[in-house]
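So the structure is just underneath, and the comments pick up after that.
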């Protein structure tokens, strides 16, 4: 599906959707808790559904309700399971160690760009600690054997998702385990979010140490907080002349992307911004920067390993809209040229597609987005909200 947007400002009130990042973590904790739980998460997306489906394959009862999910913890762990991850990196990286901790012979099915996204050094560390991993086909990863408790050593500079997966797995192992981080830790707020989710279920992880034995205690009911990553799109629209009130965002959240509240106003002048803890914000911040005085984003290497090569796709998006940007080895420079309009290839990346839609508010010509259906990955009702706020667009089905 392609869409063509007529430039115009947005106005009104929008409630931030539930945090995809927190929902993944809470679902996994609930699936292995000591009693059923209700997860209040009224808005779902493709990635959350992938995690729910994989947890069902691992023996949990996951029932969709009007408010979110009703989770019955896994009692009988299957000997083998097929886990359809779709193109969700969180689903794969969180549940690969979990399957290893449970001793399940698990086949993970991968779609889109997920087979190319890195699993090292978590792969090697899991093998060192007892798992047997293989790639029997280009879109399949198989996990056999069983992880043992102990000290896991992981380079924190590649992905915080590896740390999350090992933390969640450690709680399912007998005895005590510890995750020792080396290197420059990237996206540390996401690790903190994992620790917080586990604490909601009674599991404390001081210094990334975990007392295992499936210690998750169900809180009975838990609410997924609003998502700063997706709320940032409408916050950015305000910096481009719109007037949108974004509700349901917790200013004290553990989410690293709450930094959007401070970073977006800072882009009124040329800024230097580290992407180390906020890689998902770079596409939309680059749009705001292009419409102001420009910016330099540092620590961008990991952006090349997302749903698209986000360094290349951000540059392509801005240039397609009449802007200018260029990349160095670990920097992305966006020039304050303004944006005019044009045709943007989403590169099957939801954050590129939504950033281009918000950019239309500052353009003088229409903006066409190719492959806009990728928005379903994280924010299925984004276009409906966009229209409700006054955005005008036409759909073209290919």
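Of the numbered criteria (1) closer than 24 Å to residue 21 by Cα; (2) modelled with pLDDT under 95, the one residue 354 fails is (2). Restricting attention to region 283-299, the residues that are under 11 Å from residue 325 (Cβ atoms) and in contact with a strand residue (DSSP E or B) (Cβ under 6 Å, 6 or more places away or on another chain) total 7. Looking for something outside any loop (DSSP other than H, G, I, E, B), under 22 Å from residue 260 (Cβ atoms), free of Cβ contacts under 8 Å to residues at least 60 places away in the same chain and assigned by TED's automatic domain parsing to the domain that holds residue 291 - is there at least one such residue anywhere in region 364-373? No.
Residues in region 208-249 that are over 28 Å from residue 349 (Cα atoms) and either surrounded by 21 or more Cβ atoms within 10 Å (Cβ to Cβ) or modelled with pLDDT of 95 or more (or both): 208, 209, 210, 216, 217, 218, 219, 220, 221, 222.
Flag set for residue 232, criterion: in the same structural domain as residue 387 (by TED's automatic domain parsing), within 15 Å of the chain's Cα centre (by Cα), in contact (Cβ under 8 Å) with a residue 24 or more places away in the chain and within 29 Å of residue 337 (Cβ to Cβ).
Apart from one condition, residue 131 fits all of (1) surrounded by 18 or more Cβ atoms within 10 Å (Cβ to Cβ); (2) modelled with pLDDT under 95; the exception is (2). Criterion applied to 66, 52 was being without any contact (Cβ under 8 Å) to a residue 40 or more places away in the chain, in contact with a strand residue (DSSP E or B) (Cβ under 9 Å, 6 or more places away or on another chain) and over 22 Å from residue 306 (Cβ atoms), and the one residue passing it is 52.
Exactly one residue out of 48, 71 is farther than 27 Å from residue 139 by Cα and in contact with a helix residue (DSSP H, G or I) (Cβ under 8 Å, 6 or more places away or on another chain): that is 71.
The criterion of being farther than 19 Å from residue 369 by Cβ and crowded, with 24+ Cβ neighbours inside 10 Å does not hold for residue 266. Of all residues in region 235-259, those being in a helix (DSSP H, G or I), touching a residue at least 40 places away in the same chain (Cβ under 8 Å) and more than 17 Å from the chain's Cα centre (by Cα) number 3.
Of the residues making up region 374-389, those that are over 16 Å from the mean Cα position of the chain (by Cα), in a loop (DSSP other than H, G, I, E, B) and over 13 Å from residue 358 (Cα atoms) number 1. Would it be correct to say that residue 106 is over 25 Å from residue 277 (Cα atoms), in contact (Cβ under 8 Å) with a residue 60 or more places away in the chain, crowded, with 20+ Cβ neighbours inside 10 Å and touching a helix residue (DSSP H, G or I) at 6+ places or on another chain (Cβ under 6 Å)? Spelling it out, it is not the case that residue 106 is over 25 Å from residue 277 (Cα atoms), in contact (Cβ under 8 Å) with a residue 60 or more places away in the chain, crowded, with 20+ Cβ neighbours inside 10 Å and touching a helix residue (DSSP H, G or I) at 6+ places or on another chain (Cβ under 6 Å). Check 199, 274 and return the single one that is under 22 Å from the mean Cα position of the chain (by Cα), surrounded by fewer than 24 Cβ atoms within 10 Å (Cβ to Cβ) and closer than 19 Å to residue 335 by Cα. The match here is 274.
The values are calculated or read from the model by the stated rules, or taken from the named source; none is laboratory data. Here the structure is a predicted model, which is why all the values come from computation and not from measurement. Don't worry about glycine lacking a Cβ; one is built from the backbone with ideal geometry, like all the others, and counts go over all protein chains shown.
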